[in-house]
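Chemist: Sharing a structure below in structure tokens format, with a few things to ask.
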Amino acid sequence: MSSTRFDAEARQGLAMVSPPLIYAVLMLAAPLITILAYSFFKDGYLEVIREFTLENYRAVWSDPIFHKVMARSLGVAFAVTLATVLLAFPVAYFLSFVVPPERKALWIFLITIPFWTSYLIRVFLWKVILGHNGVINSTLTSLGIIDEPLGFLLYNVQAMVITLAHAYAPFAILPIYVALEKIDRSLLEAGRDLGESRLMTFWRVTLPLAMPGVIAATLIVFIPTIGDYVTPELIGGGKMPMVANMVQANMLALDNKPMGSALAVTAMLIVTVISLIYLFLNRRFLRVKQ
Amino acid sequence: MTDTTATASATKPPAPRKAKSANRYAELQAAKPMIECREVHKYYGDYHALRGINLTIREGEFFSLLGPSGCGKTTLLRTIAGFEDISSGVVLIDGKDMADVPANKRPTNMVFQSYAIFPHLTVAENVAFGLRRDPRSKAEKAAAVEEALKMVGLAGYGKRAAHALSGGQRQRVALARALILKPKVLLLDEPLSALDRKMREQMQVELIKLQRQVGITFVLVTHDQEEALVMSDRIAVMFEGQIAQLDYPEALYSRPVSRRVADFIGVMNFLPVTILSEDAETVRVDVEGLGEIDLPHSQVAAKGEDDEQPMIGFRPEAMSIFPEGQPQTAPRQNGAVIDEVVYYGDMTYYDARLDEVDGTLSAPVRISMRNVFGRDIPDVGTRATVGWSPSSLILFR
Amino acid sequence: MKGSGLRAYAIAYLIFLYAPILLLPIFAFNSGTIIAFPLKGFTTDWFAQMLANQTLRRAFTNSLIIAISSATFATCLGVFAARASTRFNFPGKTGIMGLIMLPLVLPEIIIAMSMLVVLLAIGVKLSIFTVILGHTLICLPYTIAILSTAFNSLDKSLEEAAYDLGETKWSAFRLVILPLVMPGIISALLMSFTISLDEFIIAFFLAGNEPTLPTYIFSQLRFPKSIPVIMSLGTVLVVMSIILLAVAEYFRRRGLARTGQKDHGGFL
């Protein structure tokens with residue numbers, strides 16, 4: 001009797017959120033739980049035997065191929081993240097501090113357009129650029145600079161890093177930009193006023209306050225990159241598989257769903273742990289409430 | 001209901017001094033009750049937002065709920081509007097129990113703090129919003145809208161886009177939109193707080209005029225004591241979900257029932273006292289700096305915070321101050337030392353300490369004087385004579 | 001001038017972002033059969049071939065059906081979620097919203113694989129319908145992000161004012177809330193349409209034998225001779241995306257102007 005309206009609001013809110021919630025439970029939570037369950041089941045011929053086992057995980061952890069693939073995925077993701085965030089920061093800074101307010105929306109629009117255009121096409125274009133008969137090789141050949149097409153452009157880790165760094169470039173700009181926009185401009189003036197140079201003000205005031213954005217940008221690039229499927233397939237030519245390709249191969253080509261599930265769960269765990277460690281190491285920047 | 005005016009405080013407040021218009025007060029006292037709250041309680045979870053509200057607001061009255069933020073005044077207003085359910089108690093509007101009447105069926109309309117002007121509609125569409133179910137013809141409705149706009153001083157603004165209006169204009173549209181429905185009660189939630197000082201003062205006067213013109217009961221929520229004093233017929237001062245005092249503005253100012261109310265409304269000086277004796281007519285007290293005084297019971301505040309030192313309270317303007325030696329007419333006079341002089345143009349505020357019998361000085365008191373032509377303003381550090389009358393003192397115990 | 005170095009860098013960065021995309025129209029209109037400089041001559045043959053291709057037409061129809069359906073479903077669900085999260089407090093709110101927003105950070109391959117496993121296990125035949133299910137799921141967080149901004153910018157007392165003026169809860173929503181969030185709804189529709197149209201992984205794994213535009217493109221990448229047609233198709237897709245985004249941006253700005261707010265720029 002005492003808190004009638006409180007309960008009424010909760011009830012209304014839950015009723016309101018229930019359609020999307022039910023959808024997410026059916027289409028997302030249930031499949032994820034199924035994957036988790038499968039990873040503890042045995043694989044039979046054309047079927048999954050519902051019997052608890054840790055064998056899949058044992059196999060995953062002791063598999064040298066998995067080690068190699070995981071190491072490659074992590075390496076590519078780290079390189080891509082580092083490149084993207086470093087390249088994005090000056091652009092975000094430019095957007096926030098140099099571009100006049102009325103032009104900001106236009107700049108952001110320009111930067112986000114490539115992000116919304118077909119990811120597949122963007123990846124494929126790099127194949128067109130770097131390929132055996134691609135733009136670079138054929139142009140160089142027809143100009144007579146080289147006789148034979150350069151073979152080292154495509155189908156290697158560097159090519160994958162370039163492609164992914166390009167594909168995820170806009171992802172990193174927005175969070176950093178948002179964090180920079182939140183910085184009270186008078187703090188910077190205070191920094192200068194207290195006798196710091198422009199560079200030291202940036203180092204001691206701007207950068208620490210922008211860190212939440214940088215951290216968000218890092219994770220936003222890192223997580224999808226490590227789970228990327230298309231780039232290893234097209235740019236790596238299938239010879240440089242990453243975790244996603246290995247999961248897919250086990251699930252479909254090899255039809256070992258428990259093994260594929262255990263791989264997926266393991267990879268997600270590794271990504272989660274790395275993200276949490278990263279957040280923990282940067283906790284002092286995240287405590288700042290502006 | 002048998003009560004006539006204030007049922008809030010436990011004991012009867014001192015008789016009001018009616019400075020505004022004796023006629024208006026007499027009319028309002030005779031008018032029928034429009035809003036009655038009886039033992040209204042409201043909980044948010046464990047939080048007790050309204051703690052037993054009892055009040056009667058009469059037809060045609062301009063009533064204010066005054067208090068600091070979080071005191072429950074807005075909750076009480078929203079309870080009357082029907083936006084909040086009450087946990088227990090009864091709310092009657094025009095004699096009808098509102099328990100099962102939702103906000104859209106109540107004979108009340110609200111002017112919101114943010115004005116809540118629909119930004120996608122024109123001024124006229126905003127004002128006509130509540131007329132959607134009205135059976136009148138289009139032309140009649142348009143005429144009603146134009147009339148309502150004229151009433152709030154916005155004649156000819158109908159076609160304007162609402163989001164292009166200034167703060168004061170939005171306020172007026174919100175008023176027209178609510179008044180066009182001819183509600184029995186108009187509820188105003190801090191309607192002037194978003195305006196600048198000049199605009200606010202202008203709107204205060206206009207709102208009073210408008211209220212007299214339409215004759216509808218107005219209930220105003222405000223945290224601004226000056227606004228409440230200027231505009232209201234009666235004011236309920238609220239602290240922590242309770243009504244601390246419900247009274248006429250003049251009575252509230254001159255006879256606050258507690259130190260807290262006194263502190264909230266205007267400035268009040270406090271000097272510690274010793275209570276010497278008490279009989280049926282008077283209380284005899286010894287006041288620091290002022291000496292022994294007999295105070296009639298009408299000057300003794302009813303409510304006491306038990307563990308506190310008894311205090312005498314008086315307003316800054318209740319004393320006069322002149323350079324020492326200049327003749328004074330006040331019935332009682334004291335010597336004093338001036339510590340601080342703050343010049344306000346029309347007024348000057350003095351911080352002074354009064355002479356004690358034993359040669360020491362009292363706690364500092366603040367005294368205000370109007371800067372009349374030819375009057376000297378005493379200097380800081382000089383001695384002065386302070387004049388006062390026992391009739392302007394209130395005893396809080 | 002202050003920031004001129006930064007400006008040069010930002011422009012260089014934009015060129016880096018756009019350069020590969022600019023190759024699309026260049027080679028879509030180039031008469032050479034291989035993708036190489038120098039260019040040969042102007043032709044619209046590739047577009048003609050594209051239009052004549054039966055599989056491609058089928059892929060286009062499929063993509064259109066999927067994108068329209070997913071955008072509609074995701075936006076409807078998004079309206080519920082955004083309204084619930086901006087207007088109400090309820091137990092488990094953070095967890096519930098976290099689950100709904102999860103696809104934003106989950107690699108698509110995980111979503112595709114887990115849905116595939118469940119669909120196969122319960123015996124649902126793969127078709128464009130299953131793709132719609134997946135695309136609705138991944139578009140939902142984007143619609144919520146856009147719609148939450150739209151709902152959040154609404155003063156709660158607008159709704160109360162309508163109610164106070166005699167409307168019912170539902171008519172207050174229809175007369176006041178809906179018109180004010182309409183730009184957000186249109187923007188969310190266009191955005192999820194674009195996402196669905198361009199999405200590859202879920203379509204690749206959940207469509208069965210039905211082609212969509214991205215999966216068709218993927219299947220043709222092995223054949224060097226179909227690359228020019230893919231270039232013209234890519235051109236069409238990118239132009240469509242840009243038009244849709246520009247329209248979405250227009251509606252987003254109009255929504256801001258309507259409620260008299262300042263533009264902070266950009267989605268998300």
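No lab work stands behind these numbers, since they all come straight from the coordinates. All values reported here derive from a predicted model rather than from experimental measurement. Because the Cβ atoms are built from the backbone with ideal geometry, glycine has one as well, and the counts that use them run over all protein chains shown.
Chemist: If each DSSP helix of 4+ residues adds -39,500 (n - 2.57) and the sum is divided by the residues in chain C, what number results at 222 nm, nearest 500 deg cm²/dmol? List each step's numbers first, then the result.
Modeler: Details: 12 runs with 195 residues, N = 268.
Calculated at 222 nm, the ellipticity per residue is -24000 deg cm²/dmol.
Chemist: Which one, B:V214, B:S137, B:F83, is farthest towards the positive end of the dipole of chain B when Lys and Arg carry +1 and Asp and Glu -1 on their Cβ?
Modeler: Going by the Cα projections, it comes out as B:S137.
Chemist: Another question about this same structure. Based on DSSP loop calls and a cut-off of at most 13 other Cβ atoms within 10 Å, the longest stretch of chain A free of exposed trypsin sites (Lys or Arg not before Pro) is what?
Modeler: With a cap of 13 other Cβ atoms within 10 Å, the longest stretch comes to A:51-238.
Chemist: Would you order B:E308, A:E233 from fewest to most other beta-carbon atoms within 10 Å of each residue's own beta-carbon?
Modeler: Ascending Cβ contact count within 10 Å gives the list B:E308, A:E233.
Chemist: If the only charges are +1 at each Lys and Arg Cβ and -1 at each Asp and Glu Cβ, what is the size of the charge dipole of the stretch C:45-258 around the Cα centre, to the nearest 20 debye?
Modeler: Working: 15 positive and 11 negative charges, 21 e Å.
For the stretch C:45-258, the charge dipole is close to 100 debye.
Chemist: Taking the Cα centre of chain B as origin, sum charge times position over the Cβ atoms of Lys and Arg (+1) and Asp and Glu (-1), and report the length of that vector in debye to the nearest 20.
Modeler: Rounded to the nearest 20 debye, it is 2540 debye.
Chemist: Can you put A:W203, C:W170, A:W116, C:W46 in order, fewest other beta carbons within 10 Å first?
Modeler: With the fewest neighbours first, A:W203, C:W170, A:W116, C:W46 line up as C:W170, A:W203, A:W116, C:W46.
Chemist: Could you work out [θ]222 nm for chain B from helices alone, using -39500 (n - 2.57) per DSSP H run of at least four and dividing by all its residues? Round to the nearest 500 deg cm²/dmol.
Modeler: Per the formula, -6500 deg cm²/dmol.
Chemist: If I model a spin label at B:E125 and B:K105 as a point 7 Å from the Cα along the Cα→Cβ vector, what separation in nanometres do I get?
Modeler: 3.0 nm
Chemist: In addition: Around C:G32, which amide H atoms from residues at least 5 apart in sequence, or from another chain, sit under 5 Å from its own amide H, with H modelled in the peptide plane?
Modeler: C:K40, C:G41
Chemist: Let me ask something else about it. Measuring from label point to label point, each 7 Å out along Cα→Cβ, what is the B:A139 to A:A30 span in nm?
Modeler: For B:A139 paired with A:A30, the spin-label model returns 6.2 nm.
Chemist: Placing +1 on the Cβ of each Lys and Arg and -1 on the Cβ of each Asp and Glu in chain B, which of B:V283, B:S114, B:Q242 has its Cα farthest towards the positive end of the resulting dipole?
Modeler: B:S114
Chemist: Something else: Within 10 Å of each Cβ in A:27-40, how many Cβ atoms from other chains are there, averaged over the peptide?
Modeler: 5
Chemist: OK, next. For the stretch C:105-116, in order, what is each residue's ³J(HN,Hα) by Karplus, 6.51 cos²θ - 1.76 cosθ + 1.60 with θ = phi - 60°, in whole Hz (x at glycine and Pro)?
Modeler: These are the phi-based 3J(HN,Hα) values: 10, 7, x, 4, 4, 5, 4, 4, 5, 5, 5, 4 Hz.
Chemist: Just how large is the dipole of the protein assembly as shown about the Cα centre, in debye to the nearest 20, putting +1 at every Lys and Arg Cβ and -1 at every Asp and Glu Cβ?
Modeler: Computed charge dipole of the protein assembly as shown: roughly 3320 debye.
Chemist: Something else about it: Going by amide H atoms built from the backbone, whose H comes under 5 Å of the H on A:K42, apart from near neighbours?
Modeler: Excluding prolines and chain starts, which carry no amide H, the hits are A:I49, A:E51.
Chemist: Quick one: Cα centre-to-centre distance for the stretch B:83-137 and the stretch B:263-285, in angstrom?
Modeler: Here the answer is 46 Å between Cα centres.
Chemist: What are the ³J(HN,Hα) couplings of the stretch B:361-376, residue after residue, when phi is run through the Karplus curve with 6.51, -1.76, 1.60 and θ = phi - 60°? Round to Hz, x for glycine and proline.
Modeler: Once rounded to whole Hz, the list reads 10, 6, 5, x, 10, 9, 10, 10, 9, 6, 7, 6, 3, x, 8, 7.
Chemist: Continuing with the same structure: Going through the cross-link list A:K239/C:K125; B:K182/B:K209; B:K42/B:K209; B:K105/B:K141; B:K105/B:K209; B:K150/B:K182, which pairs have a Cα-Cα distance over 23 Å in this structure?
Modeler: Going by Cα-Cα distance, A:K239/C:K125; B:K42/B:K209; B:K105/B:K209 fall outside the 23 Å limit.
Chemist: Using θ = phi - 60° and the Karplus relation 6.51 cos²θ - 1.76 cosθ + 1.60, list the HN-Hα couplings for the stretch C:239-244 in order, rounded to whole Hz, with x at every Gly or Pro.
Modeler: Each residue of the stretch C:239-244 in turn: 4, 4, 4, 5, 4, 4 Hz.
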